[in-house]
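Structure record follows, encoded as structure tokens.
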Amino acid sequence: QLDPLPTLTPEFLNVLNKVCEQCYTDFAPDELEVGVREHILQDLETFVKRQFAGARLQLFGSSKNGFGFRQSDLDICMVLDGQDTIDDVDCITIIESLARLLKKHPGLKNILPITTAKVPIVKFYHVRTGLEGDISLYNTLALHNTHLLASYAAIDRRVKILCYVMKVFAKMCDIGDASRGSLSSYAYTLMVLFFLQQRNPPVIPVLQEIYDGTKKPEVLVDGWNVYFFHDLKTLPSRWPQYGKNTETVGELWLGLLRFYTEDFDFREHVVCIRQHGRLTTFNKQWTSKYIVIEDPFDLNHNLGAGLSRKMTNFIMKAFINGRTVFGTPVKAFPPYFFDPEV
Ligand code: ATP
Ligand code: MG
């Protein structure tokens, strides 16, 4: 039921590649903006310490993983010195009192504690920069997956560009907002990484499968193994396929749209970036869902679990349309096909 795609000329592939590169240069924040985020973090930490003397604040998510937009939210994790974990009851109490405290901060507005979510947070709006943000507590796995994503981003610039293109595509198609029933940016990033691992030859390795000796090291956090190989300087000698894939970003982008519409069988398989071997929905007992994306560390967590059937269809249609749009030669895409204002 998919339209056949015409053979692509080198000229069109060149156009496609330019659109992807452009998307990255238009949306990536510069160093100044990265500094602004660290500055807000410092200011908030100082302020929070008035009431929580041992508080430490840390940025994670796209402020740190290499796929941030100028207007991306500030994802902040708070921990207390000398305390390793927190139970659910204390977590909600602290979130509520943190919200009361932040209401007194002159630079913030719209303070809103959300204590019913799986991960309780306080949301805020930073007036001077117009940035939104949220603070969660002991979101330790998120710090580790942020580091994992950042490591993949550092291996090859095409990873970064494709993740940007994917996020812009998801926002444009209105399929990229988990709070409104679709998938989070994080989920789409995992889909890009999985595709790049499955490509032949692969663009990136499976970092969780590279280790010395015969047994994978165990680094336990919240009961899950967060080990992955992060000595990237030595990756070329540790991964035989390093540098073998020479496709352009444009080819890879269309390749991704084709992969998820033509090759990948969502009914059978799991999007899983922690191992190279196929993982089936049957293995995971996740057969009642169509889009199944396994978190790389919390193996009980399916990022597609919250999707309704209707939303699943809507997302799949966006990919099918994307395949047609990007797979059909035009002389040029409109100047702002990817509109930075969207
Ligand atoms: P954006 O630029 O859109 O803010 P992001 O990479 O920051 O992109 P978010 O959706 O804001 O993505 O998520 C921030 C971080 O929170 C992710 O990097 C991940 O660590 C964690 N996270 C988000 N959604 C989930 C989820 N459904 N399950 C587990 N962790 C999640
Ligand atoms: Mg974010």
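Quick one: Kirkwood hydrodynamic radius for segment 1-40, alpha-carbon pairs, angstrom, one decimal?
13.2 Å
With +1 on each Lys and Arg Cβ and -1 on each Asp and Glu Cβ, how big is the dipole of the chain about its Cα centre, in debye rounded to the nearest 20?
380 debye
Mind checking which of Thr46, Gly35, Gly61 is farthest towards the positive end of segment 28-70's charge dipole, using Cβ charges of +1 (Lys, Arg) and -1 (Asp, Glu) about the Cα centre?
Comparing the listed Cα positions along the dipole, Thr46 ranks first.
Mean separation of Cα pairs under 8 Å and 6+ residues apart, divided by the residue count of the chain: what relative contact order is that in percent?
Rounded, it is 18 percent for the chain.
Calculate the length of the line joining the C-alpha centroid of segment 281-296 to that of segment 7-57, in whole Å.
31 Å
How long are the three semi-axes of the equivalent ellipsoid for segment 31-142, computed from the Cα gyration tensor as the root of 5 times each eigenvalue, in whole Å, largest first?
21, 16, 14
If you average the C-alpha positions of segment 66-80 and of segment 171-243 separately, how far apart do those two centres end up, in angstrom?
Cα centroid to Cα centroid, the span is 19 Å.
With N denoting the number of residues in segment 196-342, provide Rg(C-alpha) divided by 2.2 N^0.38 Å, to two decimal places.
1.23
Would you mind checking Lys18/Lys123; Lys49/Lys103; Lys167/Lys289; Lys64/Lys123 for any pair whose Cα atoms are more than 25 angstrom apart?
Checking Cα-Cα distances, Lys18/Lys123 exceed 25 Å.
Pick out the long, greasy-scoring helices in the chain: whole DSSP H runs spanning 18 Å or more along their own axis by Cα, mean Kyte-Doolittle at least 0.5.
Those that pass (Cα extent of 18 Å or more, hydropathy at least 0.5) are 88-102, 140-155, 157-172, 185-198.
Based on Cα coordinates alone, diagonalise the gyration tensor for the chain, multiply each eigenvalue by 5, take square roots, and list the semi-axes in whole Å, largest first.
34, 24, 20
Counting only C-alpha contacts under 8 Å and six or more residues apart, can you give the relative contact order of segment 18-150 as a whole percent?
24 percent
We did not get these values from a lab; they are worked out from the coordinates using the rules stated. Since we're looking at a predicted model, the values are computed, not measured. Don't worry about glycine lacking a Cβ; one is built from the backbone with ideal geometry, like all the others, and counts go over all protein chains shown.
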